[in-house]
Each structure stands twice: as structure tokens, then as C-alpha cells.
Amino acid sequence: MTLSLGLLRSGLLNRRINQPANQVLRLHLAFSSASPSPSDPSAAAAGPQTTIREGKVEIFLDESNSVFYNKTQVNNRDISIAVLRSFILKRHEEYAARSRKGPGDTTLSAQAKYKEPKVLEALAASGLRAIRYAVEVDGIGEVTAVDNNEAAVEACKKNIQHNGSLASSKVVPHHADARVYMLTHPKEFDVVDLDPYGSPAAFLDSAVQCVADGGILMCSATDMAVLAGGNAEVCFSKYGSYPLRGKHCHEMALRILLACIESHAIRHKRYIVPIISVHMDFYIRVFVRIFTSASTVKSSPLKLAHVYQCTGCNSFYLQNIGRIHSKDKENIAVPNFRLTLPEVCSECGHQFVMGGPLWSYPIHDKVWAASILSDIHAMREAYPAYPKISAILSSVSEELLEAPLFVSLHNLCAILKCTTPTMVMLQCAIRNAGYQVSGSHVDPLALKTDAPMSVIWDIMRCWVKLHPVKHRPGNHPGNVILSQEPKFQAKFSRVLGASVTRKRARFMPNPEKYWGPGTKAGRNPRTFQMDNRN
């Protein structure tokens with residue numbers, strides 16, 4: 001110890017002439033000259049770096065977390081690649097259809113030659129997604145990778161070079177603010193990918209202007225506590241909508257995001273057409289096409305609705321913001337009439353709370369979903385997350401499109417405190433009553449149906465008559481519901497199409513523990529010390 005202090009003291013004395021007078025600064029310079037900083041680029045380049053491989057792409061791992069990378073987003077990247085492949089095929093079909101119309105077609109004259117779709121990844125980070133697009137998707141054009149973090153842009157350049165000539169020829173990195181870049185490149189990109197850490201709200205107005213007519217916007221949101229009802233006031237400030245708590249909160253989050261994108265688009269005489277909208281892991285992801293039409297945006301209120309949800313039994317009712325006037329031939333929406341609901345719920349007597357506005361039109365295109373699913377099955381080796389994304393898209397392709405939100409089997413039984421029927425039995429009862437029903441990719445216990453809530457509760461009343469429950473004192477919502485007689489006799493006998501043939505799993509477990517969002521770039525990942533004492 002004495003020898004070490006002596007050496008340190010002699011070293012400082014030898015440097016005293018060239019060192020500043022400040023003692024703290026002298027000590028800092030003495031230690032920094034003795035050993036290189038971990039953040040020093042030359043020190044990092046001296047030793048071997050760990051690489052990560054995903055699909056056909058390999059990138060360098062930034063162990064300091066100065067550049068964001070989240071391996072759990074492999075599901076996100078894989079489904080985006082599948083949608084992008086389908087979009088390119090769709091673009092070829094649309095161009096061929098325009099070509100057959102002949103030289104008199106104005107659309108054809110504006111785009112006489114087919115061009116490969118240009119892609120913008122607005123928040124590139126390590127560049128993994130942009131490089132995968134360039135390397136793995138055939139027929140893609142230039143991929144622009146933008147990030148406002150200089151360290152991320154340098155890492156992106158390094159990863160592009162590491163992945164060979166194909167990546168180098170197609171991926172172009174840019175150090176810029178994504179919002180400014182998109183605003184200064186209006187209608188330039190056929191595909192714009194937004195995958196921020198948290199909310200995409202700040203980027204939506206510039207993103208809807210950056211997408212070319214007929215192009216596609218891919219958008220993620222990871223602030224699920226906000227969108228799912230945990231912070232309703234924050235959700236309104238970011239998305240212009242109030243969420244409601246309930247089993248359907250994740251589908252409501254999807255519809256709130258779609259409504260927000262639509263509200264930004266119509267300000268610029270544009271509108272959206274959803275392709276696929278999914279809830280995966282800890283986030284939501286929507287894929288929408290954007291078109292320009294000053295007349296079509298006038299019908300936007302028909303696609304948006306408010307939700308009225310009972311605070312007792314969670315029954316919900318939707319009302320569109322707009323309606324079509326009976327004498328109007330142009331289908332221009334006018335303000336809708338007031339909701340014809342009673343002041344209290346007719347099922348349990350509790351009050352309603354209002355949420356929204358949200359997107360009430362279909363959130364999927366079944367033709368696209370089937371096409372994407374077929375492509376995934378044909379190229380399963382190309383998707384590292386094949387089991388997960390194929391399971392999600394299988395559920396998506398079976399969903400009932402005309403049924404916004406859903407009821408939960410367990411929630412219905414929890415209100416009544418009754419035994420739980422099987423999903424097949426309840427689906428059969430709904431179909432026997434003359435209504436449609438399906439599951440949902442959001443929740444394995446979901447029932448999406450066009451049957452009104454009164455029919456659903458009548459079916460449950462019939463179920464309780466077959467499986468009685470103990471009477472509970474008090475004005476509990478379940479007691480009030482069961483005190484009313486059903487208006488029809490439900491039939492639980494099996495009908496064709498009531499159950500989904502389980503050829504493959506619809507809900508996959510996480511592949512490992514702690515499968516969730518990564519630590520934001522610039523923050524040190526938390527380390528937990530395990531206490532092994534007995």
C-alpha cells in the first residue's frame with residue numbers, strides 16, 4: 001500500500017510542471033492516462049466485438065447500450081418483413097392493372113415506369129431493421145436509415161459495411177431529426193417505418209405526409225400503460241382519445257392508435273386503410289396504407305366512434321361520430337344523433353363511462369392477412385420468429401371484422417359468479433341465436449360477435465339456469481342481471497363452424513424469461529445481485 005502511494009505520488013510530482021493547478025483535475029488526468037476509458041473508440045476497436053445474427057443479417061453488439069437494440073423485437077421485424085414482401089407484390093399487381101388500361105389512363109401517365117419501393121426507417125438505431133429489409137426482401141429499392149443519435153448513425157454505418165455489398169448499395173444512413181427529415185421529403189417514400197421507444201405520437205403528423213400515395217405506414221407503440229387505460233389523461237394528450245379499462249383494452253389501444261393516425265391524415269386530405277393491426281408481447285403494431293382524396297376524407301367520421309361502457313357489468317355500446325343523411329347521395333357524413341341508451345345500464349343498473357373516439361371500422365384486411373400467412377408458411381426458414389408470427393396471423397385471419405372490441409368469457413362468469421362454459425359451447429349458443437362469433441388474436445378467452453349485449457347476457461342467464469349459483473345478498477351487478485328472465489331459450493348444441501380447428505397453436509409462450517422491452521439507449525442496464533446465503 002505504501003509502495004503504491006509512493007509510486008502514485010512520484011508520478012504526480014513528475015507531471016506537476018505540465019499539469020493544471022487544480023488537484024482534482026490533476027488526479028483525473030493521472031488516472032486517465034494510466035488506463036484507457038471504456039467508452040474510448042480506439043480501445044473498443046482494439047479487442048474483438050460480439051456480434052448478433054438475426055435472419056441473414058449480422059450486427060455488432062453495443063455492450064455500453066449507447067445504441068438501442070432489443071432482441072424481443074424480432075417478432076416485430078419478422079412480421080414487418082412479411083408485410084413488406086406482400087406490399088411489393090401488391091404494387092406489381094396494381095402497376096400491371098394500370099398498364100392494361102392503356103395510354104388514356106391519367107394514373108399511368110404519372111407513373112409510366114415501375115420503380116422499386118423506397119423505404120424510410122425513421123428511427124434506425126443499430127440499423128438492423130433497415131439492413132434486413134435491404135438484404136432479405138426481393139424487389140426493394142433504397143432504404144434510408146435516419147437517427148438523431150450520432151453514435152447510432154456510426155454504428156449503423158459499421159453494420160452496413162459488415163453485411164457486404166448488397167447492404168452497402170441499398171441502405172443509406174442519415175444523421176437527422178426524423179420529424180424534420182419526413183417533413184422535408186413529402187410523399188417521397190413508399191414505406192415509412194416508425195418503431196420508437198414509447199409513443200409514436202410526436203412523429204405521426206410528419207409521417208403521414210412523407211408516405212407516397214398508396215404507400216404504407218408501419219407504426220409501433222410501446223406505451224401500453226397509457227393506451228390500455230393506466231393513464232387516461234396522458235392518452236388523451238398524446239392520442240386525443242380516452243381509453244377504458246377492461247379485458248378488451250389492448251384491442252382498444254389498437255383502435256385508438258388507428259384513430260389518431262387517421263386524425264393526422266385527414267388534416268392533409270389523406271386517409272388510411274388498415275392492412276394488419278396486431279398486439280404482440282408488450283406493444284402494438286399497425287400497418288396502414290395512405291391515400292389522398294379530398295372527398296373521401298369527408299366520410300372519416302363514419303369510421304370513428306365513442307364507447308359507452310357500464311361501470312358495473314362492463315357491457316359496452318358504440319356510436320359513430322357521424323352518420324349519412326338519408327337524402328344525401330354523396331355519402332358526406334353529418335353529426336350523429338344522441339345515443340339512445342338509458343341513463344343507467346338496463347342489465348345491472350350502473351352508470352356508463354364514455355371512452356374514445358376510436359377506430360370502429362375493420363382493423364384487418366383478410367385478403368392481405370391470408371396472403372401474408374401463405375408467404376410465411378412458404379418461407380418459414382426465413383423468419384426467426386416463425387412460430388410466433390404465424391400463430392398471430394392465423395388468429396388475425398379468423399377474426400370477425402364487423403365486431404369492434406370483444407367480451408371475455410371469464411369476465412362474464414366473474415360478474416355472475418358462475419361456473420365457466422367452454423368456448424365452444426358459448427360460440428354455439430351465439431350462432432344458434434343467429435349471430436356471428438369468432439376469437440381474437442389479443443386474448444384466448446375473447447368472443448368477438450355482432451350479437452348485442454342483451455343477447456349475450458340472456459345466453460348467460462340460460463347457462464346459470466342449467467348450472468345454478470348461490471344467492472348473494474346485496475345489489476351486486478350479477479344479482480341484478482340474474483334477477484331478470486331471459487327473453488329466449490339459448491341452445492348450446494354444437495353447430496358447424498363454432499369451433500376453430502386447432503391445426504396450430506394460436507398463442508405462443510415467451511421463448512425465455514424476462515421477455516420484454518430493453519433498456520432505453522443511453523441508460524445502463526440494471527444488474528441484480530443474487531443473495532446465495534442460506
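The values are calculated or read from the model by the stated rules, or taken from the named source; none is laboratory data. All values reported here derive from a predicted model rather than from experimental measurement. Using ideal geometry, Cβ is built from the backbone for each residue, glycine included, and neighbour counts are taken over all protein chains shown. All accessible areas refer to the heavy atoms of the entire protein, side chains included, with ligands and DNA or RNA removed. Shrake-Rupley method; radii C 1.70, N 1.55, O 1.52, S 1.80 Å.
In table form, for the structure just shown:
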{"item": "Residue that is under 28 Å from Val119 (Cβ atoms) and assigned to a strand (DSSP E or B), where the choices are Gly198, Gly214", "result": "Gly214"}
{"item": "Residue list for segment 344-360, filter: closer than 30 Å to Val288 by Cα and either of a type in the set (S, T, N, Q) or in contact with a Lys or Arg (Cβ under 6 Å, 6 or more places away or on another chain) (or both)", "result": "Leu358, Trp359, Ser360"}
{"item": "Residue list for segment 344-364, filter: open to solvent by less than 50 Å² (accessible area, probe 1.4 Å) and either in contact with a helix residue (DSSP H, G or I) (Cβ under 9 Å, 6 or more places away or on another chain) or acidic (Asp, Glu) (or both)", "result": "Cys345, Glu347, Cys348, Gly349, Gly355, Gly356, Pro357, Leu358, Trp359, Ser360, Ile363, His364"}
{"item": "Meets criteria (surrounded by 21 or more Cβ atoms within 10 Å (Cβ to Cβ), in contact with a Phe, Trp or Tyr (Cβ under 6 Å, 6 or more places away or on another chain) and outside any loop (DSSP other than H, G, I, E, B)) for Ala259", "result": "yes"}
{"item": "Selection count, segment 213-254, where residues are in contact with a strand residue (DSSP E or B) (Cβ under 8 Å, 6 or more places away or on another chain) and hydroxyl-bearing (Ser, Thr, Tyr)", "result": "4"}
{"item": "Top-ranked residue in segment 378-403 [being out of contact with any strand residue (DSSP E or B) (no Cβ under 7 Å at 6 or more places or on another chain) and of a type in the set (Asp, Glu); ranked as surrounded by the most Cβ atoms within 10 Å (Cβ to Cβ)]", "result": "Glu402"}
{"item": "Residues located in segment 164-193, provided they are out of contact with any Leu (no Cβ under 8 Å at 6 or more places or on another chain) and β-branched (Val, Ile, Thr)", "result": "Val171, Val172, Val180, Thr184"}
{"item": "Tally, over segment 310-355, of residues that are part of a loop (DSSP other than H, G, I, E, B), more than 32 Å from the chain's Cα centre (by Cα) and aliphatic (A, V, I, L, M)", "result": "1"}
{"item": "Any pair with Cβ under 9 angstrom, 6 or more apart, that starts in segment 348-359 at a residue that is closer than 28 Å to Met460 by Cα and ends at one that is open to solvent by 10 Å² or more (accessible area, probe 1.4 Å) and acidic (Asp, Glu)", "result": "Gln351/Glu343; Phe352/Glu343"}
{"item": "Number of the exception - Ala294 against (1) without any contact (Cβ under 8 Å) to a residue 40 or more places away in the chain; (2) assigned to a helix (DSSP H, G or I); (3) open to solvent by 40 Å² or more (accessible area, probe 1.4 Å)", "result": "(2)"}
{"item": "Qualifying residue in segment 365-377 (condition: over 25 Å from Leu400 (Cα atoms) and open to solvent by 20 Å² or more (accessible area, probe 1.4 Å))", "result": "no"}
{"item": "Answer residue from segment 424-441, given it is part of a loop (DSSP other than H, G, I, E, B) and more than 31 Å from the chain's Cα centre (by Cα) and is surrounded by the most Cβ atoms within 10 Å (Cβ to Cβ) among those", "result": "Ala433"}
{"item": "The listed residue being open to solvent by less than 10 Å² (accessible area, probe 1.4 Å) and assigned to a loop (DSSP other than H, G, I, E, B), out of Pro444, Pro421", "result": "Pro421"}
{"item": "Residue match in segment 472-488 (condition: over 26 Å from the mean Cα position of the chain (by Cα), at pLDDT below 70 and assigned to a loop (DSSP other than H, G, I, E, B))", "result": "no"}
{"item": "Residue list for segment 139-189, restricted to those being surrounded by 23 or more Cβ atoms within 10 Å (Cβ to Cβ) and charged (D, E, K, R)", "result": "Asp147"}
{"item": "Checklist (1) under 21 Å from the mean Cα position of the chain (by Cα); (2) among the hydrophobic types (A, V, I, L, M, F, W, C); (3) open to solvent by 10 Å² or more (accessible area, probe 1.4 Å) applied to Phe406, failing item", "result": "(3)"}
{"item": "Counted residues, segment 262-273 - those being open to solvent by less than 10 Å² (accessible area, probe 1.4 Å) and assigned to a strand (DSSP E or B)", "result": "2"}
{"item": "Leu302 part of a helix (DSSP H, G or I) and open to solvent by less than 10 Å² (accessible area, probe 1.4 Å)", "result": "no"}
{"item": "Qualifying residue in segment 333-343 (condition: in contact (Cβ under 8 Å) with a residue 24 or more places away in the chain and crowded, with 19+ Cβ neighbours inside 10 Å)", "result": "yes"}
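Conditions tested, residue by residue: (1) under 26 Å from Ser277 (Cα atoms); (2) at pLDDT below 95; (3) not aromatic (Phe, Trp, Tyr).
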site: Val135; (1), (2), (3): yes, no, yes
site: Glu142; (1), (2), (3): yes, no, yes
site: Val172; (1), (2), (3): no, no, yes
site: Asp177; (1), (2), (3): no, no, yes
site: Thr184; (1), (2), (3): no, no, yes
site: Gly198; (1), (2), (3): yes, yes, yes
site: Ser206; (1), (2), (3): yes, no, yes
site: Met218; (1), (2), (3): yes, no, yes
site: Ala225; (1), (2), (3): yes, yes, yes
